[in-house]
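First the structure, then my questions, so here it is.
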Amino acid sequence: MKLLLVDDSRDDRILVEHALLYAKFPVEFNWVQSVEEANETLLKENFDTVILSAQIPGWDSMELLLDIKNHAGEKQTAIVMLSDVDNHDLALKCIRSGAHDFIIKSDISAKRLQRAVIHATARSELELKLRQSYERVKFLAEHDALTCTSNRYMFDMSLQNAVELGQLQHTCVGLVIINPDRFKFINDTYGHEAGDAVLVELTSRLKAILKRDEQLFRLGGDEFAILLTNLAYAHLGGLHQRINEALNAPMQIGEFEIKLTLSLGVAFNPQNCDSASSLHRCADIAMFRAKQLGGNTICFVDDDAQEQFKRRFNIENELQRAIENDEFELHFQPVMCSDNMSLESCEALIRWNHPEKGLVFPDYFIEVAEETGMVVELGRWIIESACAHMARWQRHKPVDFVMAINISPQQLNDKHLVSFLDKKLSEYGLRPQQFELEITETVLLRDTPEVFNNLQTLIHRGFGIALDDFGTGYSSIQHLHSFPISTVKIDRSLMPTPTSTKKSLSLLKGLMSMIKSMDLSIVAEGIENLGNANLCRDLGADRLQGYFFSKPLPANTFEQDYLYTRRARQVAV
Ligand code: C2E
Ligand code: CA
Ligand code: CA
């Protein structure tokens, strides 16, 4: 038996060790003098028994006692409290806090100590058995016997908690009710055992594709549910896709090959309802809607969500095809030097040559591309295409001409971003200084190690980093301060209009003067008239961009109007 004595006194240690020796008690004796040492030792090693002094000067032994109890887990440690004084209240407090016995130092004898250790060990073993059987009963009460997944009882509790928490934190809770199509047919045709095996297989396939914040339950029979917290619609799109992929391969059930499809019904709280029970009812209604449509589909309880989902789903599919078919092109918007209104840089903006819709703007697809992660692949195309244009323009472009490329949050999270940029720049014989990467503040809010490392390396390489859309969203001064950004782009929503108030003009002035004082370069976006061009120049903007100069142009028009013409070359000198 491994025993640890926690006691500051050397005399007590001799007393205890001798008593154990005298009793011929087979122990491996260990001694520490402080609670701190005890904590360290207990982290490293397991002990069968801890004899803990209730009075260690400067330490709270009760805290250690509670710590040992709280971290008991599967290991069992018998705890005997040792006290200098015969204090009835203290003894009760120790026993209530989980000590298994309590002895007074003056009472210690070989027999008394041996009895205490044996008594404490027996109690602690009993305690462990009780805990294990409680956990077993709890597991049985909360889990479904066939699939070992959380059951209806757990579902009701979790749904209630999720809805209450969602209401408190103003987050969205989603519920997906799942029902296999033609399950009765499977049962009738292949037998109930096969039916059970299908449910087990379905559970394990679903469990395998779930992410954090997605929890699976079997509600009974062939009905399952996935509860989603911290939810966005696109997240649900991802889940739907993962479910479809998980069921793609037929199930091998004994000698049968069974292809299972599902009807899914979705509802959201608070969008569709205001309580756990109404959320369940709504998701049920949606699931019946899916059944009525013939199954193998996903339905929402309200038409708006259904429309939005369908739209996003279509865009997602179309995007995949568009990337494969090379349906994108870059347009370029000139950015002018505010001093002489000559071309200083340009911003590359993506356009989609949609086979049916014609030229499509990024507002239509960039969000979906971002949410589905496709933006990483698309971003590579953008970088490659930007490099190809820049290389072609080498001989014609003004000295120090820079091209700005928009880099989305997902791209900046991609650990291959830098190596991809390196590769393309060397392929096309370009330098990082010829590019400015536009990022938004949402990226800085994420602040993951990948983002931070990527940003640091990009800056180190010599890329300019511009903070886009400043003045919307968070616009934190802290970000300007703590990230090595070279340029700030003032969002077009801050440009004065005929209806602007004095306050909004003051805001623009204040922002500009603050950014200037930090020695950052300023690009004013959304310049639509001469008045705003002059205003922003006077307020200290270094560069100006907007429809007043030009809309984004297809590459050949940009080349003709800004790079190859005599006027442009003159301007460029
Ligand atoms: P952004 O980065 O803020 O791009 C500027 C947007 O403002 C462009 O819209 C541009 O056409 C528009 N704009 C420029 N001057 C004016 C003006 O004077 N008045 C008005 N009303 N608008 C002006 P666009 O091309 O539709 O792009 C919209 C957004 O889509 C971009 O906002 C950017 O967030 C995203 N985006 C565009 N191209 C790319 C890309 O290649 N990659 C990534 N990740 N995102 C892109
Ligand atoms: Ca931009
Ligand atoms: Ca912008």
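Assess whether K44 counts as being buried (at least 19 other Cβ atoms within 10 Å of the Cβ) and of a type in the set (K, R). Walk me through it before giving the result.
Working: buried (at least 19 other Cβ atoms within 10 Å of the Cβ): no; of a type in the set (K, R): yes.
Taking the combined requirement at face value, the residue does not satisfy it.
Determine which member of the set T487, T442 is open to solvent by 40 Å² or more (accessible area, probe 1.4 Å) and either without any contact (Cβ under 8 Å) to a residue 60 or more places away in the chain or not assigned by TED's automatic domain parsing to the domain that holds S338 (or both).
Checking each option against the conditions leaves just T442.
Can you find a residue that is within 13 Å of ligand 1 (Cβ to nearest atom), small (G, A, S), in contact with a strand residue (DSSP E or B) (Cβ under 7 Å, 6 or more places away or on another chain) and assigned by TED's automatic domain parsing to the domain that holds L349 anywhere in the range 472-481?
For the range 472-481, residues within 13 Å of ligand 1 (Cβ to nearest atom), small (G, A, S), in contact with a strand residue (DSSP E or B) (Cβ under 7 Å, 6 or more places away or on another chain) and assigned by TED's automatic domain parsing to the domain that holds L349: absent.
Considering only residues that are open to solvent by 30 Å² or more (accessible area, probe 1.4 Å) and touching a residue at least 40 places away in the same chain (Cβ under 8 Å), which ones fall in the range 522-551? Step through it out loud before you land on a result.
We begin by selecting, within the range 522-551, every residue open to solvent by 30 Å² or more (accessible area, probe 1.4 Å); these are 528-531, 534-535, 537-539, 542, 547-549, 551.
Hits for the range 522-551 are R537, D542, F549, K551.
Rundown of residues vs (1) in a helix (DSSP H, G or I); (2) crowded, with 17+ Cβ neighbours inside 10 Å; (3) at pLDDT below 95; (4) in contact with a Ser or Thr (Cβ under 9 Å, 6 or more places away or on another chain), yes/no style:
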| site | (1), (2), (3), (4) |
| --- | --- |
| K291 | yes, no, yes, yes |
| C299 | no, yes, yes, yes |
| R311 | yes, no, yes, no |
| L319 | yes, yes, yes, yes |
| D326 | no, no, yes, no |
| L330 | no, yes, no, yes |
| P334 | no, yes, no, yes |
| A348 | no, yes, no, yes |
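Let me ask something else about it. Let me confirm something: among E356, E307, E327, E344, which residue is of a type outside the set (A, V, I, L, M, F, W, C), touching a strand residue (DSSP E or B) at 6+ places or on another chain (Cβ under 8 Å), away from ligand 1 (no atom under 13 Å from the Cβ) and free of Cβ contacts under 8 Å to residues at least 60 places away in the same chain?
Just one listed residue meets the conditions, E327.
Mind checking which residues of the range 465-478 are of a type outside the set (A, V, I, L, M, F, W, C), under 17 Å from K516 (Cα atoms) and either within 16 Å of ligand 2 (Cβ to nearest atom) or in a strand (DSSP E or B) (or both)?
Scanning the range 465-478 gives D468, D469, G471, S475.
All but one of (1) touching a Gly at 6+ places or on another chain (Cβ under 9 Å); (2) assigned by TED's automatic domain parsing to the domain that holds L159 hold for E316; state the number of the condition that does not hold.
Only one criterion in (1) touching a Gly at 6+ places or on another chain (Cβ under 9 Å); (2) assigned by TED's automatic domain parsing to the domain that holds L159 is unmet by E316, namely (2).
Any residue that is among the hydroxyl-bearing types (S, T, Y), touching a residue at least 12 places away in the same chain (Cβ under 8 Å) and surrounded by 17 or more Cβ atoms within 10 Å (Cβ to Cβ) - is there at least one of those in the range 240-261?
no
Name the residue that is farthest from ligand 2 (Cβ to nearest atom), counting only residues in the range 445-464 that are open to solvent by 70 Å² or more (accessible area, probe 1.4 Å) and under 28 Å from Q394 (Cβ atoms).
For the range 445-464, the residue satisfying everything is H460.
Would a scan of the range 375-398 turn up a residue that is within 16 Å of ligand 3 (Cβ to nearest atom) and open to solvent by 30 Å² or more (accessible area, probe 1.4 Å)? Spell out the reasoning first.
Keep residues of the range 375-398 that are within 16 Å of ligand 3 (Cβ to nearest atom), which gives 382.
Next cut, open to solvent by 30 Å² or more (accessible area, probe 1.4 Å) only: none.
The answer is no; no qualifying residue exists.
The values are calculated or read from the model by the stated rules, or taken from the named source; none is laboratory data. Just so we're clear, the structure is a prediction, and the values are computed from it rather than from any experiment. No Cβ is skipped: glycine too gets one built from the backbone with ideal geometry, and neighbour counts run over all protein chains shown. Just the protein is used for accessible areas: all its heavy atoms, side chains included, with ligands, DNA and RNA removed. Shrake-Rupley method; radii C 1.70, N 1.55, O 1.52, S 1.80 Å.
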